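Shown next, in structure tokens, is the structure this report addresses.
The values are calculated or read from the model by the stated rules, or taken from the named source; none is laboratory data. Note that the structure is a prediction, hence the values are computed from the model and not measured. Using ideal geometry, Cβ is built from the backbone for each residue, glycine included, and neighbour counts are taken over all protein chains shown.
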Amino acid sequence: MNREIDLHLHTLVSDGICTPLEMLAAAKEAGLKRISFTDHDALGAYRHWGDLFARANELAIELVSGIELDTHYRDEELHLLGYGFAIEDKALNERLRLVQGLRRQRVLRQLEDINRYFGRKVVERKKVLLPQRDSLMKPHLVHAMLDEGLFPDYREAAKWLSVNAGVPIHVPKLPIAEAIAMIVRAGGEVVLAHPGYIVAETAIKLEEMLAELAPLGLAGIEVDYPYYQEKEPAPAFPDLAAESAMIEHLRELAERFHLQATRGSDAHDMDALKKFSAREVR
């Protein structure tokens, strides 16, 4: 698998912390040749900074249009990555406007609940409501609480948020088959994001799922992915050996179902992008 490719990057348009221009510069420094910005339910990376495709071309980087969509499958939330679609597709953008509006309402209500609970301004609106941010998300609130030293880690803060700042605003997730069809109709290809988590954290049988979705237009699965995180190792991936075993399993499944095997860092900042680009391809 080509280490000069990273097709899973986030910017401050959703829950990343850097601009697309900063991430492009980091990609150039890291020697990447093909990348995609896949913000959650948002395409602002391709709109708010001028002609980003031209800028990438100047850096000798192929920029592929991308997005990460929340979907549901058998009562589980799963993420899809869409690539190479028309960013002005009407149906896709109507869906994104709906989701972004509801996300915004929910986060702003939760922001008020957090500040009211702690009796002070834990989360500042101006730091969350950035002009180029399309998708307001839970991490914006969680990181603000962590910065204030209110919780020891992300998991504890997220758990507190779900219990103490739940609001009756539901953000609907498309059935996975509908999400696949939407991206395909927009001229794109669909890849299943970080499927190792599906294997490790759900009761879904990935083989059965791929057999069901491949005929519907699923084009690939994300194979090379940083499941092991040194700072916060997940129980299912406590070391690099566990990560490597999962990646090998996913590579075999991609071959068996004739799916593309993609590579993505899921980086939310420049350091994570560079770290992934420098690591050995698994």
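A few comments on the model shown:
- Of the residues making up the stretch 162-195, those that are farther than 30 Å from Leu108 by Cβ and either in contact with a Phe, Trp or Tyr (Cβ under 7 Å, 6 or more places away or on another chain) or buried (at least 21 other Cβ atoms within 10 Å of the Cβ) (or both) are Ile180, Gly187, Gly188, Glu189, Val190, Val191, Leu192, Pro195.
- Qualifying positions in the stretch 1-48 - touching a Pro at 6+ places or on another chain (Cβ under 7 Å) and surrounded by fewer than 23 Cβ atoms within 10 Å (Cβ to Cβ): Asp15
- Every residue from the stretch 97-136 that is in contact (Cβ under 8 Å) with a residue 24 or more places away in the chain, of a type in the set (A, V, I, L, M) and surrounded by 20 or more Cβ atoms within 10 Å (Cβ to Cβ): Val99, Val107, Leu111, Ile114, Leu136
- Counted residues, the stretch 196-223 - those being crowded, with 16+ Cβ neighbours inside 10 Å, more than 21 Å from Arg185 (Cβ to Cβ) and free of Cβ contacts under 8 Å to residues at least 40 places away in the same chain: 1
- Condition check for Pro238: more than 30 Å from Asp89 (Cα to Cα), modelled with pLDDT under 95, loosely packed, with under 15 Cβ neighbours inside 10 Å and of a type outside the set (Asp, Glu): yes
- Within the stretch 31-59, residues that are in contact (Cβ under 8 Å) with a residue 12 or more places away in the chain sit with their Cβ atoms under 9 Å from residues that are in a helix (DSSP H, G or I) and aromatic (Phe, Trp, Tyr), at 6+ positions apart or across chains, in these pairs: Phe37/Tyr46; Tyr46/Phe53; Leu52/Tyr46.
- Of the criteria (1) of a type in the set (Asp, Glu); (2) within 21 Å of His268 (Cβ to Cβ); (3) touching a residue at least 40 places away in the same chain (Cβ under 8 Å), which one Glu156 fails: (3)
- Screening the stretch 82-129 for residues that are acidic (Asp, Glu) and assigned to a helix (DSSP H, G or I) and picking the one that is nearest to Ala219 (Cα to Cα) gives Glu94.
- Condition check for Leu32: at pLDDT 95 or above, hydrophobic (A, V, I, L, M, F, W, C) and assigned to a helix (DSSP H, G or I): no
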